[in-house]
Amino acid sequence: MYWPFSNFHTNAMSLLKKDKQRIAIADYLSRDLPYTLSPDDVFLTVGCIQAIEVTLMVLACPGANILLPRPCFPSYGALASSNNLKVRYFDLIPEKGWEVDIEGVEALADENTVAMVVINPGNPCGSVYTHQHLKKATRKLGILAVADEVYHHLSFGTNPFVPMGVFGSIVPVITLGSISKRWLVPGWRLGWLVTSDPNGILQKSKVISPSQSLNSSKQREELFTLIML
């Protein structure tokens, strides 16, 4: 199994300052994408839970709503509510392997919908979506996708894992992940928020800004302090 963080234990502070983690994460995730991510697309977080929190905080604005799957990892609803982001739940269909009810999402979405959350592989259902299903959902809905892929490549059925970032040229994708699940190191609290947006829509709409990122020297030092607590 590929391990992109093999030198992390040697000098955590030095690695954070030199951005080796961001380079490693961009390289690792690019292996499954039709384009190459830049380290500037990668924002380090304290575990995946902070990636969720930061994403919802950025998307929250007066009157905005976000579409969450039902069932869903409960932190999404709680963090959305704490940021005054209205939640609308779309169903997952158990008879179809917990696929997204695309027609139901269409009925829920309106001009105030900022994103839909796709958890793949699924938590808590354990579903793994096919390439065809994900492509259909992105093309038909045209909504910014927040892809929770903290269980990436942990699939045990017949469906191979397909990252949502593959469809970044159709809709912008914000991918959330961490090293805690696949590499069994939850105590390290190293997560990421990655933008897959080859058309630059997120920067044009000022959802993200290169001058206001999680990658400043001060924030990297704060991250180091939190990791070492």
Subject >> Residues of segment 68-114 that turn out to be surrounded by 14 or more Cβ atoms within 10 Å (Cβ to Cβ), in contact with a strand residue (DSSP E or B) (Cβ under 6 Å, 6 or more places away or on another chain) and among the polar types (S, T, N, Q), as a count >> reply: 1
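Given V150, V207, which one is modelled with pLDDT under 80, in a loop (DSSP other than H, G, I, E, B) and crowded, with 16+ Cβ neighbours inside 10 Å?
Values: V150 fails: modelled with pLDDT under 80.
Sole residue among the options that is modelled with pLDDT under 80, in a loop (DSSP other than H, G, I, E, B) and crowded, with 16+ Cβ neighbours inside 10 Å: V207.
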Subject >> Restricting segment 34-57 to residues that are free of Cβ contacts under 8 Å to residues at least 40 places away in the same chain and assigned to a helix (DSSP H, G or I), the residue that is surrounded by the most Cβ atoms within 10 Å (Cβ to Cβ) >> reply: L56
Subject >> Selection within segment 115-147 - surrounded by fewer than 20 Cβ atoms within 10 Å (Cβ to Cβ), polar (S, T, N, Q) and under 17 Å from F90 (Cα atoms) >> reply: N123
Original post:
Can you name the number of the only condition in (1) touching a residue at least 60 places away in the same chain (Cβ under 8 Å); (2) in contact with a Gly (Cβ under 7 Å, 6 or more places away or on another chain); (3) open to solvent by 10 Å² or more (accessible area, probe 1.4 Å) that W192 fails?
Top reply: (3)
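For V42, are the conditions met, namely being of a type outside the set (D, E) and farther than 19 Å from N120 by Cβ?
Details: of a type outside the set (D, E): yes; farther than 19 Å from N120 by Cβ: yes.
So V42 fits the description; yes.
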**OP:** Starting from segment 65-77, take each residue that is closer than 14 Å to V146 by Cα and list its partners that are part of a loop (DSSP other than H, G, I, E, B), counting only C-beta distances under 6 angstrom and pairs at least six apart or across chains.
**Re:** N65/N112; I66/L85; F73/N123
Subject >> segment 162-177 - residue that is in a helix (DSSP H, G or I) and among the aliphatic types (A, V, I, L, M) and, of those, farthest from C48 (Cα to Cα) >> reply: V166
Original post:
Can you tell which of V114, V185 is within 21 Å of K206 (Cβ to Cβ) and of a type in the set (V, I, T)?
Top reply: V114
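Pull up segment 153-171, narrow it to residues that are more than 17 Å from the chain's Cα centre (by Cα) and not β-branched (V, I, T), then point me to the one that is least open to solvent (accessible area, probe 1.4 Å).
We begin by selecting, within segment 153-171, every residue more than 17 Å from the chain's Cα centre (by Cα); these are 155-160.
Now drop any that are not not β-branched (V, I, T), which leaves 155-157, 159-160.
Details: S155: 36, F156: 183, G157: 62, N159: 55, P160: 90 Å².
Of everything passing the filter in segment 153-171, S155 is least open to solvent (accessible area, probe 1.4 Å).
Within segment 178-204, restricting attention to residues that are in contact with an Asp or Glu (Cβ under 9 Å, 6 or more places away or on another chain) and not in a strand (DSSP E or B), which residue is nearest to L154 (Cα to Cα)?
Filtering segment 178-204 for residues that are in contact with an Asp or Glu (Cβ under 9 Å, 6 or more places away or on another chain) and not in a strand (DSSP E or B), the one nearest to L154 (Cα to Cα) comes out as D197.
The values are calculated or read from the model by the stated rules, or taken from the named source; none is laboratory data. Predicted model, so just to flag it, every value in this text is computed and none were measured. Quick reminder, even Gly has a Cβ in these numbers, built from the backbone with ideal geometry, and neighbours come from all protein chains shown. Keep in mind that these areas ignore ligands, DNA and RNA; they rest on the heavy atoms of the full protein, side chains included. Shrake-Rupley method; radii C 1.70, N 1.55, O 1.52, S 1.80 Å.
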